[in-house]
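As structure tokens, the structure follows; a few thoughts come after it.
Read-outs: derived from the displayed coordinates by stated rules, not from any lab. On a predicted model such as this, the values are computed, not experimentally measured, just so you know. Virtual Cβ from ideal backbone geometry, glycine too; neighbours counted across all protein chains shown.
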Amino acid sequence: MDTSLLSQIVFYFFAAVTLASAAVVVFSRSLIYSAFGLLFTFFGVAALYVFLGADFLAATQLVIYVGGILILLLFGVMLTHKLYDLNLKTETFQVAPSVLLMLAVFGVLVLAMMQTAWYNAGPRQPEPTTAAIGTLLMKDFILPFEVASVLLLIALIGAAMIVRRRAE
């Protein structure tokens, strides 16, 4: 089998998994099913980033969204699921207006995409991005990178101080 054909089959498989799991997130009435659907959606998006040649974004997607945010969300849902007199079912309201709005936004995005230069340039071979991003962060953008890290450290210390005051 041709590697290009196999690559296309795997790409469409991940695209279908991503779309199907995103539909589970939106249309499921159970919060647990929505959370697990979100897990597969995040994995699918990371796989699509790999196909785009954006290896740094794929790793970031896995570490931050799957490894951090989604695990916290799952633990929160599972630990609060045992509470009594709490309905964890979600309701779907106004399906028709939301579908119309979704189609309108999708149409605008497709029209905007077709006007860009990279879409009209044709296909090109994806290249790894991690080394280039690392070089830029450690050479050209070292000052903004360090300022952002100090700002995040200050926010972390401030959050710890706020929690500590409440505990006392």
Taking the chain as a Gaussian network, where each spring joins two C-alpha atoms under 10 Å apart, which residue of Ile157, Ile71, Ile142 fluctuates the most?
Ile157
Cβ-derived FRET efficiency at R0 25 Å, Phe11 paired with Val63, nearest 0.05:
0.65
For a quick protection proxy, order the peptides 127-139, 46-58 by their average other-Cβ count within 10 Å, most packed first.
46-58, 127-139
Just want to confirm a number: the relative contact order over the chain, from Cα pairs under 8 angstrom separated by 6+ residues, in percent.
20 percent
Express in nm, to one decimal, how much length is gained between Ala20 and Glu127 on full extension, taking 0.36 nm for each residue of separation and deducting their alpha carbon distance.
35.7 nm
Multiply the residue gap between Leu74 and Ile32 by 0.36 nm, knock off their C-alpha separation, and tell me the result in nm, one decimal place.
14.3 nm
